[in-house]
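The structure appears below as structure tokens.
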Amino acid sequence: MNLLSSPFTRQSLKTHELMRMVILCCIPGILVQAYFFGYGNLIQIALAAATCWGTEAIIMIMRNRPALRITGDHSALLTGVLLGIAVPPFLPWWMTVIAAVFAIGVVKHLYGGLGNNLFNPAMAGYVLLLISFPVAMTSWQPVAALSQHPVGVWDSLQLVFTGFSADGFSLQQVRMTIDGIAAATPLDTVKTDLHQGLTLDESMLKPVFGSFAGAGWEWINLAFLLGGLYLIYRRVTSWAIPGGMLISLFVCSAIGFAFSPDGTASPLLHLFSGATMLGAFFIATDPVSACTTVRGRWIFGALIGLLVYVIRTWGGYPDGVAFAVLLANMCVVLIDHYSKPRTYGHKEAR
Amino acid sequence: MIDVKKLLTSDQLWDYAGGVFPEYRKEQSRQLPIQPAWIPPFVRVPIRQHIGQSGNLIVKVGDHVLKGQLLTEPTHGMAVPVHAPTSGIVEAIGQTPSNHPSGLNEISLTIRTDGLDTWCERKPVADASTLSDNDLLQLIRYAGISGMGGAGFPTEIKLTPVNPIELLLINGAECEPYISADDTLMQALAEQVVAGIELMARLLNNPVVIIAIEADKPKAIAAMEQACADWEQVRVRTIPAKYPSGGERQLIQIITGQEVPSNGIPADLGVVVHNVGTAYAVARAVYQDEPLIARVVTITGNRVLKPANHWVLLGTPIDALLHHHGLDQLDPVIVGGPMMGYQLPHAEAPVIKTTNCLIIPSQDELPSADRQMPCIRCGSCAEACPANLLPQQLHWYALAEDQDKLNEHNLFDCIECGACAYVCPSEIPLVLEYRQAKAMIRSSRQEQLKAERAKQRFEARNERLEQEKQARAEKHKKAAEARLKAMADKPSSSASESSPDSATKQSAAVAAALARAKAKKASQQPQKTMIDAAGQTVPDNSDVAAMREARKAEARAKKAQKQSSSASGNGASDKSAAVAAAVARAKAKRQAQASSTEPDAQQPLAATASNAADDKAARVAAAVARAKAKRDAAQHSDAKPAVTAPSEEQPAADDKAARVAADVARAKAKRQAQQATDTDQKPQPTSAAEPAQDKAARIAQAVAKAKAKRAQQAAQDDSEQ
Ligand code: SF4
Ligand code: SF4
């Protein structure tokens, strides 16, 4: 028996267990999302996860590596799950597949596989779609309660794979709200309305908004927050990145709100709309593409929060988590370099 | 500096960066009492059990030794002696497996115990105040005490620091999982431990004393508090249980809030840290006159039925000890704790002064790290590192063997505590990588040093050679001048002299030797094979030929010299003629060689046989011709004279076939040998009896060879440079 070298005892959480834990902690959010938006996202998640896993396995076989052992680290699965959660529920299947293959094949493995990728694979795949198919990628249907044509499992499958529901409704029709207008996400709505001169309060009266943020979205965000807190409790992830991101987003939006309460979205809206919580706890925390120093992580998180606010407020897209994460990924080396801790016994960090 | 007075009153504790909380698993073993020592059938006492040198052996095989008897004597500074742990006979002194992760052999004494455990004569000191500080230090030194916490630094040296010490920190943290040796020692023998601390404090001029114990040892804390209740300068501090609080630098930070400078030692802060076990050993040495011959060892692990602490004689073979405790499966055995210990390479290695714990784990107790995954940059390691390093970066750079980056990331500040590897979810053996990286950097530093030294040596040598060369050149120049002078002088001043002037002879010989050396050097350059007259490829023996020729020329010159000098009575001109001829020959030879690879443009004019075009062949042919014009060679010599014969009386220097010409000239000169005249300086005066190679010629040849060799060597040195 060879124990190699000290230490001979190790803490119990292993990399594949960490990944699994992150996936499991997504479940509350996924369920709430499914409750509000139907089965579409579940289909997307399954599709993306399967594609990611399969892509990784094929690449491993091509690279002559033990495919089962390596894909057993669940990291590809996690990428797929996150991608599936992020895309609109009725996105045509082939788009999801493209994004998943791109995320794993190009963003992850062309850079050397697990641990070597510069960018968050799920977000890179997402952004690829967002740039290539902006309309499809921003087409969320209204939450189930508001929908003119609620869709079931079969309808969802048909929509994803053929573009029409079983009843022959097109995606456009499905996206109609009861009022007969195409649904927009709350963030989208706010942005458009503010642009058109409405005040925030006026805008918030619209049915896409719930009690304090977007209808449905607020609960989805809460569910992801819950899962995220559990991750921190289990020490799978630390406070630094989500804390940095949420605080910075809050501060930015609070400042904006203080100056122009009618003209900008409220901090609460920012924190509980769109992909804020998912991004803070599950996406920005991807260790591989994030900073590794503790101080660096706070900075990294804060940078993402700032970028999210900037993109949401002034950018061309309603939500900005994916772009913010990728932009912050680019700064990682720089931040790491300047956030090196001071070694014990040294006067200065060097 | 540290405000030590405040340490006695303030309740403040500091925290250090990182740290981990491994499962302690000490409960089973920390129960009292400490089991008494067992006397094994034989002990194996390594003569070096600490950091530093071993003492000098003062016993020999066959000696009967008593318990506590000195086996080695500390003759120099860092030496610490060892003692017989029990009475018996020294059976062997030699190499046996060491208790070290490398498992290398080391010198140890094997003592066959007699079971009587007879003490040598002891002189316990009842009142230490009767001893001078120096006596006390000597006592500690001769008791063989070195740090018992881990590293094993000689205690006496740490008790005589250069800087004034303001804080004596007693380390009772024992933060490693499993180990409870210090814990039970404090519980059972707190009085003695404190007595030892008092002695240490006295030697350090009574600094403030802080005894730091981790919070998970309430009984030890209580016992120690009670033991030092009526001592003002001391305080027992309870520190939070966290690994590695027992690390010297971390402990100093916890207690004082200060950090030991990176390249410094605690004494730089006015602090010295001693282990409780060491304090106990000091007390024992002074008050019982009992040297360090036994220590408390925690024997634990899932395979051990009754984990406990035992007194163990130093030198007890670990396998025997564990067999004695009913253990037979001894693979693996871990020495020390699970965080910083090592797997024992050879179970027959002995318990030594620093062995505080033996873990015999079950199969699943300490899982072997076989599922290593890539680093996911999770940063857990950086959060855990007590030295505030970035282990994940060190990992990358260690893999890349990037020494600059490793130094930049302060690899050498890593205390190898293992906290990073403990938390790493990818199970990367980080500490192992750091150890290897450190070794790599150390050895490359060594190499740099070595290269530096070699360079200096080399340069010194070159300088010397250069000087020698210049000296030689100088000598040659002088000789040449003398010769020239002689040449100028002779004809006028000693025209009638019949016997040759010895000085002139010498200079002539020197010139000849020079010529030979040149010739040899030239001949040693190119060519592998050559074509002989018959068109066959033969091994190139031009070297040999050249040598032979040189020899012959030498002989001829000598002979001619003699002849002409005696016959004509004008030795000087003859001699100079010989010299000139030799130089001409050498030149010709060199040229012949230089042109040997070029097609001979002049050949078509004269050559009848195609193989004659080759200069080399010509040379062979010429050589053969010289050998009394044999039949097959005659063909060539006949062909040659068509070109060369008319020029036979002229300087042979410029012709490509000069050598051939020279040879032919010599051949002709042979015929004219009898009628050699003084008026013509060009023809070579040669003897008729060519094969006459006298001894002198051979000696001259040998000298020439040696010279040529030296010249060649010098040339090589030059090119190496
Ligand atoms: S082993 Fe070195 S790098 Fe790892 S935690 Fe300890 S001090 Fe830090
Ligand atoms: S703990 Fe292991 S996997 Fe995580 S950053 Fe450190 S070395 Fe990499």
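The values are calculated or read from the model by the stated rules, or taken from the named source; none is laboratory data. This structure is a prediction, so every number in the text was calculated from the model and none was measured. Because the Cβ atoms are built from the backbone with ideal geometry, glycine has one as well, and the counts that use them run over all protein chains shown.
You will find that of B:Leu321, B:Leu327, the residue that is modelled with pLDDT of 90 or more, away from ligand 2 (no atom under 14 Å from the Cβ) and away from every other protein chain (no Cβ under 13 Å) is B:Leu321 and no other. Taking the criterion of being touching a helix residue (DSSP H, G or I) at 6+ places or on another chain (Cβ under 7 Å) and not small (Gly, Ala, Ser), would at least one residue in region B:443-462 satisfy it? Taking every residue of region B:443-462 in turn, none turns out to be touching a helix residue (DSSP H, G or I) at 6+ places or on another chain (Cβ under 7 Å) and not small (Gly, Ala, Ser). In this structure, is A:Gly244 assigned to a helix (DSSP H, G or I), within 14 Å of chain B (Cβ to nearest Cβ) and within 28 Å of A:Arg20 (Cβ to Cβ)? When the stated conditions are applied, A:Gly244 passes them. Restricted to region A:59-75, and to residues there that are of a type outside the set (D, E, K, R) and either part of a loop (DSSP other than H, G, I, E, B) or at pLDDT 90 or above (or both), the residue that is surrounded by the fewest Cβ atoms within 10 Å (Cβ to Cβ) is A:Asn64. Going through region A:104-127 one residue at a time, which ones are assigned to a helix (DSSP H, G or I), within 14 Å of chain B (Cβ to nearest Cβ) and surrounded by 24 or more Cβ atoms within 10 Å (Cβ to Cβ)? Within region A:104-127, A:Lys108, A:Pro121 qualify. Against the condition part of a helix (DSSP H, G or I), away from chain B (no Cβ under 14 Å), of a type outside the set (A, V, I, L, M) and surrounded by fewer than 24 Cβ atoms within 10 Å (Cβ to Cβ), how does A:Gly54 come out, does it pass? When the stated conditions are applied, A:Gly54 passes them.
Hey, among B:Lys475, B:Lys405, which residue is within 16 Å of ligand 2 (Cβ to nearest atom) and basic (Lys, Arg)? Step by step, each of B:Lys475, B:Lys405 is checked, and only B:Lys405 is within 16 Å of ligand 2 (Cβ to nearest atom) and basic (Lys, Arg).
Could you list, in sequence order, all residues of region B:279-297 that are touching a strand residue (DSSP E or B) at 6+ places or on another chain (Cβ under 6 Å) and in a loop (DSSP other than H, G, I, E, B)? Across region B:279-297, the qualifying residues are B:Pro291, B:Ile293.
In the set B:Arg371, B:Arg435, only one residue is at the interface with another protein chain (Cβ under 9 Å from one of its Cβ atoms), within 15 Å of ligand 1 (Cβ to nearest atom) and not small (Gly, Ala, Ser); that residue is B:Arg435. Yes or no: region A:91-102 includes at least one residue that is of a type outside the set (D, E, K, R), assigned to a loop (DSSP other than H, G, I, E, B) and touching a Gly at 6+ places or on another chain (Cβ under 9 Å). Yes, because at least one residue in region A:91-102 is of a type outside the set (D, E, K, R), assigned to a loop (DSSP other than H, G, I, E, B) and touching a Gly at 6+ places or on another chain (Cβ under 9 Å). Kindly provide the set of residues from region B:339-350 that are out of contact with any Leu (no Cβ under 6 Å at 6 or more places or on another chain) and either more than 14 Å from B:Gly103 (Cβ to Cβ) or within 13 Å of chain A (Cβ to nearest Cβ) (or both), ordered by number. Once the filter is applied, which keeps residues that are out of contact with any Leu (no Cβ under 6 Å at 6 or more places or on another chain) and either more than 14 Å from B:Gly103 (Cβ to Cβ) or within 13 Å of chain A (Cβ to nearest Cβ) (or both), region B:339-350 yields B:Met339, B:Met340, B:Gly341, B:Tyr342, B:Leu344, B:Pro345.
Just the residues that are of a type in the set (D, E, K, R) and near ligand 2 (Cβ under 7 Å from one of its atoms), please, taken from region B:370-384. Result: B:Arg377, single match. Enumerate the pairs (first residue in region B:389-417 and more than 9 Å from chain A (Cβ to nearest Cβ); second residue anywhere and more than 14 Å from ligand 1 (Cβ to nearest atom) and outside any helix (DSSP H, G or I)) with beta-carbon separation below 9 Å, excluding pairs fewer than 6 apart on the same chain, so at least 6 apart or on different chains. Going by the 9 Å Cβ cut-off, the qualifying pairs are B:Trp396/B:Asp402; B:Phe412/B:Asn263.
Conditions (1) free of Cβ contacts under 8 Å to residues at least 60 places away in the same chain; (2) away from chain A (no Cβ under 14 Å); (3) more than 19 Å from B:Leu13 (Cβ to Cβ), marked per residue:
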{"residue": "B:Gly257", "(1), (2), (3)": "no, no, no"}
{"residue": "B:Val260", "(1), (2), (3)": "yes, no, no"}
{"residue": "B:Val272", "(1), (2), (3)": "no, yes, yes"}
{"residue": "B:Val282", "(1), (2), (3)": "no, yes, yes"}
{"residue": "B:Ala294", "(1), (2), (3)": "no, yes, yes"}
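Being at pLDDT 85 or above, in a loop (DSSP other than H, G, I, E, B) and surrounded by fewer than 24 Cβ atoms within 10 Å (Cβ to Cβ) is a property that holds for A:Ser238.
Right, B:Glu365: in contact (Cβ under 8 Å) with a residue 40 or more places away in the chain, assigned to a helix (DSSP H, G or I) and of a type in the set (D, E, K, R) or not? Don't jump to the end; show me each part of the working.
On the way: in contact (Cβ under 8 Å) with a residue 40 or more places away in the chain: yes; assigned to a helix (DSSP H, G or I): no; of a type in the set (D, E, K, R): yes.
Spelling it out, it is not the case that B:Glu365 is in contact (Cβ under 8 Å) with a residue 40 or more places away in the chain, assigned to a helix (DSSP H, G or I) and of a type in the set (D, E, K, R).
Scanning region A:4-20 for residues that are surrounded by fewer than 19 Cβ atoms within 10 Å (Cβ to Cβ) and of a type in the set (A, V, I, L, M, F, W, C) returns A:Leu4, A:Leu13.
Hey, does region B:162-169 have a residue that's surrounded by fewer than 20 Cβ atoms within 10 Å (Cβ to Cβ), among the β-branched types (Val, Ile, Thr) and assigned to a loop (DSSP other than H, G, I, E, B)? Checked region B:162-169: at least one residue is surrounded by fewer than 20 Cβ atoms within 10 Å (Cβ to Cβ), among the β-branched types (Val, Ile, Thr) and assigned to a loop (DSSP other than H, G, I, E, B).
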